[in-house]
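Here's the structure, in structure tokens; my notes come after.
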Amino acid sequence: MAKTKQLWWSDIDEGSVDVSDQQGLLYEEGLEAHKRQPNGKINEVTIHGDTIQAWHLQTLFETLPDITSLLFLYQDKIEDGVFSKLSQFSKLTSVMVGGGDQGLPATQLKMLLEATNLEEIHLGTIEQSEGILTPLVDRKEIKTLSLSAFEGPMSLLEDVVKMPSLEDFSLGFERNFTEEGWTLLSKLTGLTSLSLYFFGGDNNSSDDDDDDDDDDAEHSILAEGTDFSFLKEMSSLRSLELESFALSAQQIEQIVSHVPRLRMLYIEDCFLGPDALEACTGFTELTEMSLQQDESESAVDWSFLERFASLEDFAFSGEELPKPLLQTLLKLENLRKLSLVLEELDNKDRRLLKQGFGPEVSLDIEVVGEDD
């Protein structure tokens, strides 16, 4: 479909909007895209496209000059001149760059930083060249950094360690992550928030595995046997997110021993061994917990949640809501927010949830595929 010299706006959703220069890109098959100028307060814009061009930014500025967050999602490239346009957005504090098989080149990352005063920067694939992250070292205003597809070399993390004001760090890593990488992470002693996501990478597996081996293949892309001793010096850490890990009770106990004062714990797409979740009770100051349960996990004694005297916010996603978990949730006196994302939920359990919590508890239930 031929590109036009106009932006096509999706429906506004809670202060955000998606933008493209192609009709139909943002909509399900059969729905007709339309040009629509956004109304209301928009803080966040996502620009989709094969190639991001400078005129996209100029048109965006003419319509929404006060946005604070901008996401670039592209397939081929971001043209030179795009990032220089960002200096027009005086309130811009957060930028995410995702996409591109070749990775964001060092020259463009430098231009991005020179044109903005960002507090948050989220990078997908980046060019694997020494010094590409060096421009971050002098940026005292950057408090949040995300490297969501880090492929190395490990030495690139040396510049992350040197960032003077970094508080929140997110790292997506693959199989080639080495002991040097963990050692460098251990030097991020000023972090208050850390997110780690394992995305597999080359595991020398055959492309023609039998369907019967799907479970083995799924578990083969988990980070197994991780030594969490790198957390030992992170005494300021209050939030930890782990995604795509295989975790034993011993590993959870190791984490507790190093960062016992965690207040927020997020566990997603992890394979949890026997008693692993129950070992979390060592976090005596936990106020928020989010869990995406794998169907292959061991049985859980959900009464462990009652030992969290300070737990106010609990989120759970899975195929269904385990009955023992439902009964435990109804006993949590200090709970103030409950979020559930389920594939199915019977009407009886839905009624129990709605009747079991008073107005002081915010209840958010999403059943996947269910009509609103």
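The values are calculated or read from the model by the stated rules, or taken from the named source; none is laboratory data. Just so it is clear, the model here is predicted, and its values are computed rather than measured. With ideal geometry, Cβ positions are generated from the backbone for all residues, glycine too; neighbour counts draw on all protein chains shown. Just so you know, the surface numbers come from the protein's heavy atoms only, side chains and all, with ligands and any DNA or RNA stripped out. Shrake-Rupley method; radii C 1.70, N 1.55, O 1.52, S 1.80 Å.
Restricting attention to the stretch 126-160, the residues that are surrounded by fewer than 19 Cβ atoms within 10 Å (Cβ to Cβ), over 16 Å from Leu104 (Cα atoms) and either among the hydroxyl-bearing types (Ser, Thr, Tyr) or touching a helix residue (DSSP H, G or I) at 6+ places or on another chain (Cβ under 6 Å) (or both) total 5. Please tell me if Leu145 is assigned to a strand (DSSP E or B) and under 27 Å from Gln88 (Cβ atoms). Yes, satisfied. When restricted to residues that are open to solvent by less than 50 Å² (accessible area, probe 1.4 Å) and either farther than 19 Å from Ser193 by Cβ or assigned to a loop (DSSP other than H, G, I, E, B) (or both), the stretch 266-284 contains 10.
Among the residues of the stretch 173-197, those that are assigned to a strand (DSSP E or B), out of contact with any Lys or Arg (no Cβ under 8 Å at 6 or more places or on another chain) and either at pLDDT 95 or above or surrounded by fewer than 17 Cβ atoms within 10 Å (Cβ to Cβ) (or both) comprise Leu194, Ser195, Leu196, Tyr197.
Filtering the stretch 233-259 down to residues that are small (Gly, Ala, Ser) and outside any loop (DSSP other than H, G, I, E, B), which residue is farthest from Glu174 (Cα to Cα)? The qualifying residue farthest from Glu174 (Cα to Cα) is Ser257. For the stretch 163-172, the candidate set comprises residues that are of a type in the set (A, V, I, L, M) and in a loop (DSSP other than H, G, I, E, B); within that set, the residue that is nearest to the chain's Cα centre (by Cα) is Leu166.
Scanning the stretch 55-107 for residues being more than 21 Å from Leu133 (Cα to Cα) and of a type in the set (Lys, Arg) gives a total of 2. Filter the stretch 67-81 for residues that are on the phi < 0 side of the Ramachandran plot and more than 25 Å from the chain's Cα centre (by Cα) and give the result. Listed by number, the residues that qualify are Glu79, Asp80.
Scanning the stretch 48-70 for residues that are modelled with pLDDT of 95 or more and part of a strand (DSSP E or B) yields Ser69, Leu70. Among the residues of the stretch 87-119, those identified as surrounded by 18 or more Cβ atoms within 10 Å (Cβ to Cβ) and assigned to a strand (DSSP E or B) are Ser94, Val95, Met96, Val97, Gly99, Leu104.
Per-residue answers, yes or no, for (1) open to solvent by 30 Å² or more (accessible area, probe 1.4 Å); (2) touching a residue at least 40 places away in the same chain (Cβ under 8 Å); (3) in a strand (DSSP E or B); (4) at positive phi:
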{"residue": "Leu286", "(1), (2), (3), (4)": "no, no, no, no"}
{"residue": "Thr328", "(1), (2), (3), (4)": "no, no, no, no"}
{"residue": "Asn334", "(1), (2), (3), (4)": "yes, no, no, no"}
{"residue": "Leu340", "(1), (2), (3), (4)": "no, no, yes, no"}
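When Leu262 is tested against (1) in a loop (DSSP other than H, G, I, E, B); (2) open to solvent by less than 20 Å² (accessible area, probe 1.4 Å); (3) at pLDDT below 95, only condition (3) is not met. Check whether at least one residue in the stretch 208-219 is farther than 24 Å from Gly98 by Cα, open to solvent by 40 Å² or more (accessible area, probe 1.4 Å) and either assigned to a strand (DSSP E or B) or at pLDDT 95 or above (or both), and report yes or no. No, because not a single residue in the stretch 208-219 is farther than 24 Å from Gly98 by Cα, open to solvent by 40 Å² or more (accessible area, probe 1.4 Å) and either assigned to a strand (DSSP E or B) or at pLDDT 95 or above (or both).
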